[in-house]
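Below is one structure, written out as structure tokens, with a few remarks after it.
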Amino acid sequence: MNQTGNNGLTYSEAGVDIDAGNTLVKQISPLVKATRRPGADSEIGGFGGLFDLKGAGFKDPILVAANDGVGTKLKIAIETGEHSGVGIDLVAMCVNDLVVQGAEPLFFLDYYACGALDVTEATSVVSGIAEGCKQAGCALIGGETAEMPGMYAKGDYDLAGFAVGAAERGALLPSRDLQAGDVLLGLASSGVHSNGFSLVRKIIEHAGLGFGSPAPFAPNSSLGQELMVPTRIYVKSLLAAIRGTQGVKALAHITGGGLPENLPRVLPDDLGAKIDLTAINAPAVFGWLAQAGNVAESEMLRTFNCGVGMVVAVSADKVAEVTRILEENGERVCQLGVLEPRNGEAVQFTGSLGFSQ
């Protein structure tokens, strides 16, 4: 048997530090405990996470599951050292997909993969995940940390998130009574969110800037700081509107593909959306991206959220009530458009975002 010197090889010498993994579990345990909610009371460290649906107050629930990542926004997190924000992004990308189906997010699990575990860095990521879970009202009940030397370059890591929610039977969205005349409300995004960052990074390279450069559209901040603003979590405000009115008929989370690709996912074949682009107050970052990259408006719309992170389809007679509840819960709401009989494309635009190129 071949050995190194007088001693056999160890897992640590192969690049995997079990002690670091144990240290990480100890450091994140208080973060995990802070996300507890009715139905989730177990400790992390077991072979699986537990959740009690009856304890959460459900009588006849349908479970809804979603998983996602944060894409190449991770490259900016790694280069800037701003890691906690991508933890919030990870939760947001999953739980926003649950609430659009009328489901309340219940619990979350994460997967963190790296070449060599940096406990401080990983703790920062998990602190963001815990914060995202608190914003969404769901419990972080477990996860997996994987050290894979040779699979990832030094300093690189990857994230995946998994969320499960529930809705009472018969309360799922979209509802079947969508009709022409229903009004589309747009909820403001917090920025680029977690889509289109391969194009974002290409534009920054083309402009000859770095993530530490002053942001051309916000000179008091660096470009990296502005781009790392976490994805907005819409769960609590939307659940308040769904439960507080009978007016919310459908929701669309505006992620990759933008308005043209995501709105049709919740519309019946006979209905289309007419969107007034002048109603959108897009954050300045989108105007800069369009101008610096000479990106056509149509390409902006199918790559980014362009200022609208969520669309709410509402009965015309419930618009004021739904808007009030959303605004009381911290959302900035615009009246984006209406549903009408489909004639051609599922989403048709009027006006312009006003990006100069």
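The values are calculated or read from the model by the stated rules, or taken from the named source; none is laboratory data. What you see is a predicted model; the values in this text were computed from it and never measured. Cβ coordinates were reconstructed from backbone atoms using ideal geometry, including for glycine residues, and neighbour counts include every protein chain displayed. Keep in mind that these areas ignore ligands, DNA and RNA; they rest on the heavy atoms of the full protein, side chains included. Shrake-Rupley method; radii C 1.70, N 1.55, O 1.52, S 1.80 Å.
List of remarks:
- Dipole of the stretch 271-357 [Lys/Arg +1, Asp/Glu -1 at C-beta], most positive-end residue of THR350, VAL314, GLY337: THR350
- Loop-located chymotrypsin sites (Phe, Trp or Tyr not before Pro) across the stretch 211-309 with a Cβ neighbour count of 12 or fewer within 10 Å are lacking, with loop assigned by DSSP.
- As a length-normalised measure over Cα pairs under 8 Å and 6 or more apart, the relative contact order of the stretch 205-357 settles at 35 percent.
- Of ILE76, ILE204, ILE233, the residue with the greatest mean-square motion in the GNM of the chain, using alpha carbon springs below 10 Å, is ILE204.
- Ordering ALA240, ILE18, LEU63 by Cα displacement along the dipole of the chain toward the positive end leaves ALA240 in first place; charges were set at the Cβ atoms of Lys, Arg (+1) and Asp, Glu (-1).
- For the stretch 180-247 versus the stretch 309-357, the inter-centroid distance based on Cα atoms is 17 Å.
- The DSSP beta bridges internal to the chain are antiparallel in roughly 75% of cases.
- A Gaussian network model of the chain, with springs between Cα atoms under 10 Å, assigns the largest mean-square fluctuation among SER222, SER124, SER298 to SER298.
- Sites excluded, GluC sites (Glu not before Pro) in DSSP loops with at most 12 other C-beta within 10 Å, longest stretch of the chain: 44-344
- Given LYS33/LYS249; LYS59/LYS236; LYS202/LYS274, the pairs whose alpha carbons are separated by over 26 Å: LYS33/LYS249; LYS202/LYS274
- Taking the protein heavy atoms of the chain in the context of the full set of protein chains, the accessible area attributed to carbon and sulfur is 48 percent at 1.4 Å.
- Accessible area (Å², per residue) of the stretch 212-269, counting only protein heavy atoms and a probe of 1.4 Å: 40
- Based on DSSP H segments of at least four residues, each scored -39500 (n - 2.57), the chain has a per-residue ellipticity at 222 nm of -9500 deg cm²/dmol.
- Entry comment: accessible area of the stretch 44-162 is 41 Å² per residue, from protein heavy atoms only and a probe of 1.4 Å.
- Dipole magnitude of the chain, debye to nearest 20 (Cβ charges: Lys/Arg +1, Asp/Glu -1, about Cα centre): 560
- Charges were assigned to the Cβ only: +1 to each Lys and Arg, -1 to each Asp and Glu. The resulting dipole of the stretch 145-218 about its Cα centre is roughly 120 debye.
- Extent along the principal axes, Cα only, for the chain: 80, 56, 37 Å, with the longest axis given first.
- When only Cα pairs below 8 angstrom with a gap of at least 6 residues are kept, the chain shows a relative contact order of 20 percent.
- Dipole orientation for the chain: of the candidates GLN291, LEU271, GLY48, LEU271 has the Cα lying most toward the positive pole (charges on Cβ; Lys, Arg +1; Asp, Glu -1).
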